[in-house]
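Undergrad: Pasting in a structure now, in structure tokens, and then I'll have a few things to ask.
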């Protein structure tokens, strides 16, 4: 088990390195010129050159890349020669646009994205898996057809549409929910748990409508397949109660693919829900990433890309480990 | 004496996209306490459907069931899914063809046996575990104390089937239904399992319905045989009667087409044609299109009328030709030669 | 005397076991030193239980798998080292019939096209045309030639196996390797296919390697029989000799395990093998059967020593054939 973890985490680091290199290369050889963007509206060629030096963009590609990497292992120096500043570990550089420390920017944005992701994942798991299971148990009956019908509508609703309609109806017309504020970032804050829920509820719903629909389908199909397994017949032949047959034997066996999907989706969502954050004005990672990418802000884009990649890969490993616990046939070697 | 189990005129139909599949078309079967009966037939003959219907496994499915299944005076078909539970596992135990897929892959063998015991007996987890260990020992698993914590995939095929048997017998049911329990096993392992079932049967005196396609297995294990074809019982008799005086043309054909280890026949005598399509059964005898006697029975009776199951000297046969005494000993087709 | 049609010498097929970092840490000895010959117009039965290596042997003979070592000679010509295109000539002469006719036929291909496919692939000019040849083949295996345009799902299991046989015969091969060709079929239909294979042999003089786990079927099909266990041949003999006077303890145990329809068979010996098949990646030393051998436990120390160190060889791979067996009833 220990060697398995070592190998998986080793592979994870390697993969992150590759991702960082690719992102760095794309940016470096891309058409955007961060120096002229950073230098502002009224810019002389002289000042662009100054900005270039200050940002370290005058150095060769590999020097820049290794300087970036060195910030991941320890503190590094930033800024123009003579005006260097110490950047504490972990250093992801400073924003070309605002000169803010990127580590701080991410630390500020992450709680918003976390708030969004955790609530949405809980909501769609409960709704999606619950209704998927119900549909599987009532296969072919009216309940099943209704759930399947509803999920095909949900799956085809894009987030901007659901999001805007939700805002229009529940905030605008009915006034049941307040506009989303960036003051509430945690359920344990001063505003309290209730305010946190109210603040993010519509955003969760917008995400959950889309994802629940997918989870309903995958849960239903998986459970129907599991219910037709021989061991389910054995469970019935033992005289077990319906509840035990469905939950102890059925769900235990049919849940594995859902856990995989959940892990991957959660990982992806933690990297920032771009559309949802835009529509609901949540200043999370997705929101920040879009702003950075459109203004050629390399350090911020790099950092968020790396973080998103980290989450996806990390949850992949987590899913693998979970598998070994769920299914005794999986050998960790 | 009242039989322990009696199945009368049982029909089971499954709706499919192509129409109704008639899996059972008037199945009859009786079983006395402590008796071992073999249910023999080829694929699609309805032998597995019969055993699953007795266990009530088609309740709450789309299957259309008609007829009568009486177990110790209770009409099992009238029971709801919940009312059937005290019978399953407790009074009727069941083992299946493929023990690997019939066991839950994520629970230990011991936990699965203990669970089967705990459904019907109020005991502690620890006591149930001890029962599981004892039961594994009884079915011949070496080192049961250690093996109880193994998962099904860590057992060999033969050991898995032993564990399945332990699971089915842990509540000491009065009836054991064994649905092709040795078909997926190698012949030397099959021999071990047949020995085990026969030893346990002698020990507990439970009745056994043994579903198989192999007449040799029946000869070794059973006292009585029910031969099935097209979802009906076509012949029912003692093993000795069936092997010495097979009366239904299908039974005779089956024996003639079976390769034997003994004897020196170089050529087998197959039954022409293939098993019936259950979507569109003929209105006459289901075997008529493969039967050479259908031609000699007058009035085209075999093609137009379903024969009845006629019982004579404890030997039941469903055949117009036999009923009219047109088929005699001399018209045996190569059977036993 | 001319060379036998097919001569297999010391054939082995080992599948490497990969450990972590892709190192080879061992090998599954699926086939481990198998030798036999097949004469024209005869049938060799390969029997054994699951995991004995009989199907792998068939696949290696067909060159679907590359042998690890050993040689396969067809008409005296060594075909072991042939690769790719060089095998075309060999494939024309050796064909295969599979266990599951449903999965070896393309569901979207008409059966006429399926039967013709070996001819088309090998670009063989058929005098009279491919259509006539297909019709002739279908007629030979008992299918109605006018059904050539139908698709596999329109046929029963037995009929599909006939299609598989017709396809194997399309190139007029000298050898057909039949891998469990009747074990998926019902008894009444199985007899039809067994008879068909025998009729074809009588007509065309084709030779068969008949791989099966069912001893009774092999008895009806084969002229010679090789009994396999853990990748090795235990006993190999003429059919009559093997079934009437089995000498190897494994053969005897195998035969006694087959349930008999003879109700008065209580007098035949009843040998039960205990335990499980050892792992083919770590087979016992000496005689691979000794760990389950009903004769081994009755041997004296010197005998046991010999069985656990010396590998028995030859058509009768046992150091002590005819030795008394334990757990024998009424022998």
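Undergrad: Does residue B:204 fit the bill of being within 7 Å of another protein chain (Cβ to nearest Cβ), surrounded by fewer than 24 Cβ atoms within 10 Å (Cβ to Cβ), farther than 27 Å from residue B:26 by Cα and in contact with a helix residue (DSSP H, G or I) (Cβ under 8 Å, 6 or more places away or on another chain)?
TA: Values: within 7 Å of another protein chain (Cβ to nearest Cβ): no; surrounded by fewer than 24 Cβ atoms within 10 Å (Cβ to Cβ): yes; farther than 27 Å from residue B:26 by Cα: yes; in contact with a helix residue (DSSP H, G or I) (Cβ under 8 Å, 6 or more places away or on another chain): yes.
Judged against the criteria, residue B:204 is not a match.
Undergrad: Can you name every residue in region B:207-220 that is farther than 25 Å from residue B:313 by Cβ and more than 10 Å from chain C (Cβ to nearest Cβ)?
TA: B:211
Undergrad: Run down C:193, C:217, C:189 and say which single residue is in a helix (DSSP H, G or I), on the phi < 0 side of the Ramachandran plot, at pLDDT below 95 and over 19 Å from the mean Cα position of the chain (by Cα). Walk me through it before giving the result.
TA: Working: C:193 fails: over 19 Å from the mean Cα position of the chain (by Cα); C:217 fails: over 19 Å from the mean Cα position of the chain (by Cα).
Only one candidate qualifies: C:189.
Undergrad: On to the next question. List the strands (runs of 3 or more DSSP E) inside region B:16-102, counting only whole elements, that have at least 1 residues being more than 29 Å from residue A:241 (Cβ to Cβ).
TA: Ranges flagged: B:19-31, B:36-40.
Undergrad: Within region C:88-143, work out how many residues are touching a strand residue (DSSP E or B) at 6+ places or on another chain (Cβ under 7 Å) and either at pLDDT below 85 or assigned to a loop (DSSP other than H, G, I, E, B) (or both).
TA: Initially, region C:88-143 is screened for residues touching a strand residue (DSSP E or B) at 6+ places or on another chain (Cβ under 7 Å), giving C:90, C:93-99.
Narrowing the set further to residues that are either at pLDDT below 85 or assigned to a loop (DSSP other than H, G, I, E, B) (or both) leaves C:98-99.
Residues flagged as touching a strand residue (DSSP E or B) at 6+ places or on another chain (Cβ under 7 Å) and either at pLDDT below 85 or assigned to a loop (DSSP other than H, G, I, E, B) (or both) within region C:88-143 amount to 2.
Undergrad: Given the conditions (1) more than 8 Å from chain A (Cβ to nearest Cβ); (2) buried (at least 21 other Cβ atoms within 10 Å of the Cβ), report the number of the one that residue B:83 does not fulfil.
TA: Every listed condition holds for residue B:83 apart from (2).
Undergrad: On to the next question. Quick test for you: out of C:293, C:287, C:307, pick the one residue that is away from chain B (no Cβ under 14 Å), within 26 Å of residue B:185 (Cα to Cα) and free of Cβ contacts under 8 Å to residues at least 60 places away in the same chain.
TA: Working: C:293 fails: away from chain B (no Cβ under 14 Å); C:307 fails: within 26 Å of residue B:185 (Cα to Cα).
Answer to the selection: C:287.
Undergrad: So, restricting to strands (runs of 3 or more DSSP E) that lie completely within region B:170-263, which ones have at least 3 residues that are over 23 Å from residue B:96 (Cα atoms)?
TA: The strands (runs of 3 or more DSSP E) meeting that bar are B:232-238.
Undergrad: Across region A:167-200, what is the number of residues that are within 29 Å of residue A:251 (Cβ to Cβ) and surrounded by fewer than 19 Cβ atoms within 10 Å (Cβ to Cβ)? Before you say what the answer is, go through the steps one by one.
TA: First, the residues of region A:167-200 that are within 29 Å of residue A:251 (Cβ to Cβ): A:187, A:197, A:200.
Narrowing the set further to residues that are surrounded by fewer than 19 Cβ atoms within 10 Å (Cβ to Cβ) leaves A:187, A:197.
The qualifying residues number 2.
Undergrad: Determine, yes or no, whether residue A:248 is at pLDDT 90 or above and either over 20 Å from residue A:135 (Cα atoms) or part of a helix (DSSP H, G or I) (or both). So that I can check it myself, show each step before the final result.
TA: Values: at pLDDT 90 or above: yes; either over 20 Å from residue A:135 (Cα atoms) or part of a helix (DSSP H, G or I) (or both): yes.
Answer is yes for this residue.
Undergrad: Residue B:223 passes all but one of (1) more than 9 Å from chain C (Cβ to nearest Cβ); (2) surrounded by fewer than 22 Cβ atoms within 10 Å (Cβ to Cβ); (3) within 15 Å of the chain's Cα centre (by Cα); (4) without any contact (Cβ under 8 Å) to a residue 60 or more places away in the chain; which number fails?
TA: Here residue B:223 meets the rest and fails (4).
Undergrad: Next up: Which number in (1) crowded, with 21+ Cβ neighbours inside 10 Å; (2) at the interface with chain B (Cβ under 10 Å from one of its Cβ atoms); (3) under 22 Å from residue C:102 (Cβ atoms); (4) touching a strand residue (DSSP E or B) at 6+ places or on another chain (Cβ under 8 Å) marks the one condition that residue C:213 misses?
TA: The number of the failed condition is (1).
Undergrad: Quick check on residue A:220: is it in contact (Cβ under 8 Å) with a residue 12 or more places away in the chain, buried (at least 20 other Cβ atoms within 10 Å of the Cβ) and assigned by TED's automatic domain parsing to the domain that holds residue A:127?
TA: Working: in contact (Cβ under 8 Å) with a residue 12 or more places away in the chain: yes; buried (at least 20 other Cβ atoms within 10 Å of the Cβ): yes; assigned by TED's automatic domain parsing to the domain that holds residue A:127: yes.
Taking the combined requirement at face value, the residue satisfies it.
Undergrad: Out of the residues in region B:134-147 meeting the condition of being away from every other protein chain (no Cβ under 13 Å) and under 12 Å from residue B:163 (Cβ atoms), tell me which one is nearest to the chain's Cα centre (by Cα).
TA: Residues of region B:134-147 that are away from every other protein chain (no Cβ under 13 Å), as a first pass: B:134-139, B:144-146.
From what's left, under 12 Å from residue B:163 (Cβ atoms): B:135-139, B:144.
Numbers: B:135: 24, B:136: 24, B:137: 26, B:138: 24, B:139: 21, B:144: 30 Å.
Among residues in region B:134-147 that are away from every other protein chain (no Cβ under 13 Å) and under 12 Å from residue B:163 (Cβ atoms), the one nearest to the chain's Cα centre (by Cα) is B:139.
Undergrad: Further question: Go through (1) in a loop (DSSP other than H, G, I, E, B); (2) crowded, with 18+ Cβ neighbours inside 10 Å; (3) touching a helix residue (DSSP H, G or I) at 6+ places or on another chain (Cβ under 8 Å) for residue C:263 and report which single condition fails.
TA: The one condition residue C:263 does not meet is (2).
Undergrad: For residue A:254, indicate whether it is within 14 Å of chain B (Cβ to nearest Cβ), touching a helix residue (DSSP H, G or I) at 6+ places or on another chain (Cβ under 6 Å) and either surrounded by 16 or more Cβ atoms within 10 Å (Cβ to Cβ) or closer than 30 Å to residue A:94 by Cα (or both).
TA: Details: within 14 Å of chain B (Cβ to nearest Cβ): yes; touching a helix residue (DSSP H, G or I) at 6+ places or on another chain (Cβ under 6 Å): yes; either surrounded by 16 or more Cβ atoms within 10 Å (Cβ to Cβ) or closer than 30 Å to residue A:94 by Cα (or both): yes.
Judged against the criteria, residue A:254 is a match.
Matching residues to (1) at pLDDT below 85; (2) touching a helix residue (DSSP H, G or I) at 6+ places or on another chain (Cβ under 6 Å); (3) surrounded by fewer than 18 Cβ atoms within 10 Å (Cβ to Cβ):
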residue	(1), (2), (3)
B:281	no, no, yes
B:285	no, yes, no
B:290	no, no, no
B:296	yes, no, yes
B:310	no, yes, yes
B:314	no, no, yes
B:319	no, no, no
B:329	yes, no, yes
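Undergrad: Look at residue B:239 and say whether it is surrounded by fewer than 23 Cβ atoms within 10 Å (Cβ to Cβ) and either away from chain C (no Cβ under 11 Å) or touching a strand residue (DSSP E or B) at 6+ places or on another chain (Cβ under 7 Å) (or both). Break it down stepwise before answering.
TA: Details: surrounded by fewer than 23 Cβ atoms within 10 Å (Cβ to Cβ): yes; either away from chain C (no Cβ under 11 Å) or touching a strand residue (DSSP E or B) at 6+ places or on another chain (Cβ under 7 Å) (or both): yes.
Yes: the conditions hold for residue B:239.
Undergrad: Within region C:144-200, which residues are more than 10 Å from chain B (Cβ to nearest Cβ) and closer than 19 Å to residue B:253 by Cα?
TA: The one that is more than 10 Å from chain B (Cβ to nearest Cβ) and closer than 19 Å to residue B:253 by Cα: C:183.
Undergrad: Which one of B:127, B:114 is within 13 Å of another protein chain (Cβ to nearest Cβ) and either in a helix (DSSP H, G or I) or over 30 Å from residue A:328 (Cα atoms) (or both)? Working first, answer last.
TA: On the way: B:127 fails: within 13 Å of another protein chain (Cβ to nearest Cβ).
None of the other options fit; the residue is B:114.
The values are calculated or read from the model by the stated rules, or taken from the named source; none is laboratory data. If you're wondering where the values come from, they're calculated on a predicted model, not measured in any experiment. Virtual Cβ from ideal backbone geometry, glycine too; neighbours counted across all protein chains shown.
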